[in-house]
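First up is the structure itself, then whatever we jot down about it.
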Amino acid sequence: MKRLNWQISLGLSLITVSAFLYFIHYKIFQDAHHIFIFLFGDIAFVPVEVLFVTLIIHRLLNEREKRAVMKKLNMVIGAFFSEVGIKLLQYFSQFDHNFDEIRENLVVTTNWSGKKFSDTSKSLKNFDYRMDSQKGNLEELRNFLSGKRDFLLRLLENPNLLEHESFTELLWAVSHLTEELTARGDVGKLSNADYAHFSGDIKRAYLVLICEWLEYMRHLKDEYPYLFSFALRTNPFNPNAAPEIK
């Protein structure tokens, strides 16, 4: 209410100043006709000015702000993959019965175009993933995620994540899997229902993680070629990848 009163007071003050200036103009030049010509001309231009400001300038400013936010968010995503994501892809691949099939599609090269990234992401979203929580080492996965729990929570506290729904979904999926794993005792002696539940949780996180990794790789290729070079040499899906330059 106080804010509204302040705005009303400011508006009335501006109108008063404007009326006073018009009055001074009339007193000096004694030309009401000239005053009203420009007054109505300015009023007639107001809709065009509103259109220009709201639909063009405002949109340009929003786009600029959004690009700045996304740039900062991509730095957060980069920290996630350096700290958690790449290693997590390696762990998840242990539970994937069809890993050899999808790996062939994820050996990214410098020749990949934007369309190649998009087509690969679409095809992998429709891929028939067969995850088995008993195929890999759940204990190692739990220990790894437990050690990264604080890091994941700090990422979720970042307000900029609201601008990136898919990455937020990824963090929630990984955080949920972490909570489920840490809530169990001996993950080597679970019921079949528990193992089936973990297979579903891993599959959910795995699918989103792969798609986000592809999007991150595309971003690096377009914006940071030197980081993209290192990402290619540490590609978790490339069996021949090595950080050393040969």
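In square angstrom, what is the accessible area per residue of segment 128-178 with a 1.4 angstrom probe? Please report the intermediate quantities before stating the final value.
On the way: 2800 Å² over 51 residues.
Value for segment 128-178: 55 Å² per residue.
Which percent of the accessible heavy-atom area of segment 179-219 goes to carbon and sulfur, probe 1.4 angstrom? The nonpolar share, carbon plus sulfur, comes to 49 percent. Across Val17, Val50, Val107, mean-square fluctuation computed from a Gaussian network of the chain (C-alpha pairs under 10 Å connected) peaks at Val17. When GluC sites (Glu not before Pro) are flagged only if DSSP places them in a loop and at most 12 other Cβ atoms lie within 10 Å, the longest unflagged stretch of the chain comes out as 1-156. Charge tally for Thr234 (other residues, Cβ to Cβ under 11 Å; Lys, Arg +1; Asp, Glu -1): +1.
Hey, got a sec? Which trypsin sites (Lys or Arg not before Pro) in segment 182-218 land in a DSSP loop and have at most 13 other Cβ atoms within 10 Å? Before the final figure, lay out the partial values.
On the way: sites: Arg184, Lys189, Lys203, Arg204, Arg218; in loops: Arg184, Lys189.
Those that pass, being in a loop and sparsely packed, are Lys189.
For the chain, what is the relative contact order in percent, using Cα pairs closer than 8 Å and at least 6 residues apart in sequence?
24
Result for the chain in a Gaussian network model with C-alpha springs under 10 Å: among Ala196, Ala205, Ala19, the largest mean-square fluctuation is at Ala19. When the chain is described by a simple charge dipole with +1 on each Lys and Arg Cβ and -1 on each Asp and Glu Cβ, the residue from Phe40, Ala231, Leu153 located farthest towards its positive end is Phe40.
Ordering Ile15, Asn105, Ser199 by Cα displacement along the dipole of the chain toward the positive end leaves Ile15 in first place; charges were set at the Cβ atoms of Lys, Arg (+1) and Asp, Glu (-1).
Look at (i) -0.46, -0.95, -1.28; (ii) -0.63, -0.98, -1.22; (iii) -0.41, -0.85, -1.15: the one that is log10 I(q)/I(0) by the Debye sum over Cα atoms at q = 0.10, 0.14, 0.16 Å⁻¹ derived from this structure is (ii).
Under the rule of -39500 (n - 2.57) per DSSP H run of 4 or more residues, summed and divided by the residues of the chain, what mean residue ellipticity at 222 nm is obtained, to the nearest 500 deg cm²/dmol?
Dividing the helical sum by the residues of the chain leaves -23500 deg cm²/dmol.
Between Lys148, Lys125, Lys115, the GNM of the chain built on Cα springs shorter than 10 angstrom shows Lys115 fluctuating the most.
The values are calculated or read from the model by the stated rules, or taken from the named source; none is laboratory data. Keep in mind it's a predicted model, so treat the numbers as computed, not measured. Reconstructed Cβ throughout: ideal geometry from the backbone, glycine too, with neighbour counts over all protein chains shown. Just the protein is used for accessible areas: all its heavy atoms, side chains included, with ligands, DNA and RNA removed. Shrake-Rupley method; radii C 1.70, N 1.55, O 1.52, S 1.80 Å.
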